[in-house]
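What follows is a set of notes on a single structure, which appears directly below.
What follows draws every value from the coordinates through simple rules; no lab data is involved. Because the structure is a prediction, the values reported are computed rather than measured. A quick note on method: Cβ atoms are made from the backbone with ideal geometry, for glycine too, and the neighbour counts reach across all protein chains shown.
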Amino acid sequence: MPTGQTAFFHQFLRRPRQVAALAPSSPSLGEMMARQLPAQASRVAELGPGTGVFTRCMIDCGIAERDLVLFEINPLFAGDLAARFPQARLHRLPAQELARVEAAPFDAVLSGLPLLSMSADEQAAILGSAFSRLGPDGVFIQFTYGPKSPLRSRVTKGLGLSFTRTRRVWANLPPATVYVFRRPRVRAAAQ
C-alpha cells in the first residue's frame, strides 16, 4: 500500500494519537526543518519520519542518507521508509529508545512526533533520550501547529533548554512553526 495522501489519512483514522495530523507535512515545512540543522551537521536522528518528507529534505540539503538514523513505529510508514531510504538506519522502535540503541554523538535530532498530544513524562523521556546522544552543539528540531512551544514548560525548564522559533510556514496543512531547542553551553572553568 503506498503512503500517499489517502494512505496517510487511513493511518490517521487507524492511529489518530500516533499520526496526529490529517495530511503529511509539506515540502515547505520539510525545507524549513532542514534549514535549522547546524551548518556542519552530518549525523542526524529523525523521530517519527512518517512519509519521509523531512528525510528527503535533509538529504537534499546535504545530509548523507547513510548518516540518517530513523525511528518509526508505524508499520506502513516504516516499510515505505526502508524501501525509499535503504542506506539510512531504520529502527522500528519508539523515540524514547534512541539512547538505548544508538551511540553518541548526533549533530541534530529532528522530530515529526506529535509532542502536543503527549504527557509531560513522555515528552521528558523523548527529549532526555535525544539530548543524551546530542553533541555539545546539538539541537532538537520540532514543529508545531500551535501558537506556543510544543514542549510543556516544566519539561523545558527541567532539562534546562532554551529555544528559538521560525516564522510560520503557511504552505502546510495546517500552518506550522519550527522550534529549535538547545542546551546551555558549559563554559570551561578559568584556570
## Note on the structure
Expressed as a whole-number percentage, the relative contact order of the range 96-188 with C-alpha contacts under 8 angstrom and at least six residues apart is 29
### Query
In terms of modelled amide H atoms, which long-range or inter-chain residues lie less than 5 Å from the amide H of E46?
V69, L70, F71, L110
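Mind running the shape call on the range 15-182? Use the C-alpha gyration tensor, a ≥ b ≥ c as the square roots of the eigenvalues: rounded below 1.5 for a/c, prolate if a/b tops b/c, oblate otherwise.
Rounded, because the longest to shortest axis ratio a/c is under 1.5.
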### Relative frequency of Cα-Cα separations exceeding 17 Å in the range 93-191, percent
52
### Message
What does DSSP give for the range 33-191 in terms of the percent of beta bridges that are antiparallel, rounded to the nearest 5?
### Response
40
### Summary
Projected onto the charge dipole of the range 15-182 (unit charges on the beta-carbon of Lys, Arg, Asp and Glu, signs +1, +1, -1, -1), the Cα from G138, L68, A125 with the largest positive-side position is that of A125
